[in-house]
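The values are calculated or read from the model by the stated rules, or taken from the named source; none is laboratory data. No experiment lies behind these values; they were computed from the predicted model shown. Ideal geometry is used to build each Cβ from the backbone, glycine not excepted, and the neighbour counts take in all protein chains shown.
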Amino acid sequence: GKYRVVSTKSMPGTRWIRLLTDNDCRLEVCTEQKTILSVDDILALIGDRCDGVIGQLTEDWGDVLFSALKRAGGTAFSNMAVGYNNVDVVAANRNGIAVGNTPGVLTETTAELAASLTLSAARRIVEADQFMRAGLYDGWLPHLFVGNLLKGQTVGVIGAGRIGSAYARMMIEGFKMNLIYYDLYQATRLEKFVTAYGQFLKANGEEPVTWERAATMEDVLREADVISLHPVLDKTTYHLINPERLAIMKKDAVLVNASRGPVIDEVALVEHLKANPMFRVGLDVFEDEPYMKPGLADMKNAVVVPHIASASKWTREGMATLTALNVLGKIKGYPVWGNPNQVEPFLDENSTPPR
Ligand code: GLV
Ligand code: GLV
């Protein structure tokens, strides 16, 4: 291999490995057993000679690592994730390193997990499962695990990009929910879908579904019965869900987060769950992963899973393949390898990220 490429983790599938090794790369996969690598662990992996690195969202990719990668002759880094809040893209580019991410292949898988969390929270699936396994079921009762019906209610989507729009479609098509969304960009295709589906339902004598693009996020929080968060994490979305915004939500709303943990003030959320037993959440991500804020694990009105939204075999193999293409695209040149998923730095801290 002419080029040395390092992957900080073993990843699913073999296609990404073959892509690299069939194309002049010597691949080194880290065998360290601990889950989260430190900056020092990664410095040791980079060593004196490294052309590209495939890294993970649990790692802190800033100037220390990118300047080391530059000194080692490197030009390429790919995150195995669509989100890249763990990467300082400006520092990377300053060191001549291109940054890639893995959009597209995880859209539907992530949306399906958000839908699963919605249903689990609305119908109290995990609570009921625990009740059953604990041997507490002693006969059908009219009030046993009564939850929320989704049909005809309003789904609120904060951030109607690829994943938010796919989630909205699932909830609208599957459960005939009305849509209210908040995004800086107009979700034209999603609006057209809801309009067409509404016409279809009406033609069949059913209640049509409707959509509304909210002027403010608060409108969504006030009006929606289910709220799912799909923004990117940056300074503008940190603690987007804070005590004031929790307070305006319906007392029996369902809140879902499969984006990034710090979008929610998790301490405030625990307090809100304690004060409002009918309020339910489905969480895939946490402010301080892998930890949960004190008290969250005791809340029966919370469904919690360990950041598995993109965890389908097809998607994870696709993400791994994209990381290899991203690195090869840079090392071998774009004309040969097509346009990899290269992330641009935000123009300034006030501009909105591209997508
Ligand atoms: C996973 O969290 C991702 O951003 O792909
Ligand atoms: C419930 O099981 C019913 O039959 O209504």
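Please report, ordered by residue number, the helices (runs of 4 or more DSSP H) entirely within the range 194-281 with at least 2 residues that are of a type in the set (A, V, I, L, M) and under 22 Å from the mean Cα position of the chain (by Cα). Before you say what the answer is, go through the steps one by one.
Values: elements: 217-223, 243-248, 266-275.
Once the helices (runs of 4 or more DSSP H) in the range 194-281 are filtered for at least 2 residues that are of a type in the set (A, V, I, L, M) and under 22 Å from the mean Cα position of the chain (by Cα), what remains is 217-223, 266-275.
Just one of the numbered conditions (1) over 18 Å from GLU223 (Cα atoms); (2) more than 16 Å from ligand 1 (Cβ to nearest atom) is not true of ASP284; which one?
So the condition that ASP284 fails would be (2).
Where in the range 1-82 are there strands (runs of 3 or more DSSP E), lying fully within it, with 2 or more residues that are closer than 22 Å to GLY104 by Cα? Please lay out each step first, then the result.
Values: elements: 3-7, 25-29, 52-55, 76-79.
Passing ranges, in order: 52-55, 76-79.
Any idea how many residues of the range 83-93 are crowded, with 22+ Cβ neighbours inside 10 Å and either under 15 Å from the mean Cα position of the chain (by Cα) or assigned to a loop (DSSP other than H, G, I, E, B) (or both)?
1
For LEU328, state whether it is over 23 Å from LEU113 (Cα atoms) and in contact (Cβ under 8 Å) with a residue 40 or more places away in the chain.
Numbers: over 23 Å from LEU113 (Cα atoms): yes; in contact (Cβ under 8 Å) with a residue 40 or more places away in the chain: yes.
Judged against the criteria, LEU328 is a match.
Among the numbered conditions (1) over 26 Å from MET177 (Cα atoms); (2) part of a helix (DSSP H, G or I), tell me where ALA121 comes up short.
Unmet for ALA121, out of (1) over 26 Å from MET177 (Cα atoms); (2) part of a helix (DSSP H, G or I): (1).
In this structure, is GLY96 assigned to a loop (DSSP other than H, G, I, E, B) and either crowded, with 18+ Cβ neighbours inside 10 Å or modelled with pLDDT of 95 or more (or both)? Talk me through it step by step, then tell me what you get.
Values: assigned to a loop (DSSP other than H, G, I, E, B): yes; either crowded, with 18+ Cβ neighbours inside 10 Å or modelled with pLDDT of 95 or more (or both): no.
No; evaluated as a whole, the condition is false for this residue.
Mind checking which residues of the range 287-331 are more than 16 Å from ligand 1 (Cβ to nearest atom), buried (at least 21 other Cβ atoms within 10 Å of the Cβ) and over 17 Å from VAL343 (Cα atoms)?
Matches in the range 287-331: ALA302, VAL303.
For the range 259-281, name all the residues that are away from ligand 1 (no atom under 13 Å from the Cβ) and within 24 Å of PRO103 (Cα to Cα). So that I can check it myself, show each step before the final result.
We begin by selecting, within the range 259-281, every residue away from ligand 1 (no atom under 13 Å from the Cβ); these are 264-281.
Within the range 259-281, ILE264 is the sole residue that qualifies.
Say whether the condition of being within 16 Å of ligand 1 (Cβ to nearest atom), closer than 23 Å to LEU20 by Cα and among the polar types (S, T, N, Q) is met by at least one residue in the range 104-124. Even if it seems obvious, please write down each step before you answer.
Keep residues of the range 104-124 that are within 16 Å of ligand 1 (Cβ to nearest atom), which gives 104-114, 116-117.
Pick out the ones that are also closer than 23 Å to LEU20 by Cα and you get 104-106.
Retained after the next criterion (residues that are among the polar types (S, T, N, Q)): none.
No, that holds for no residue.
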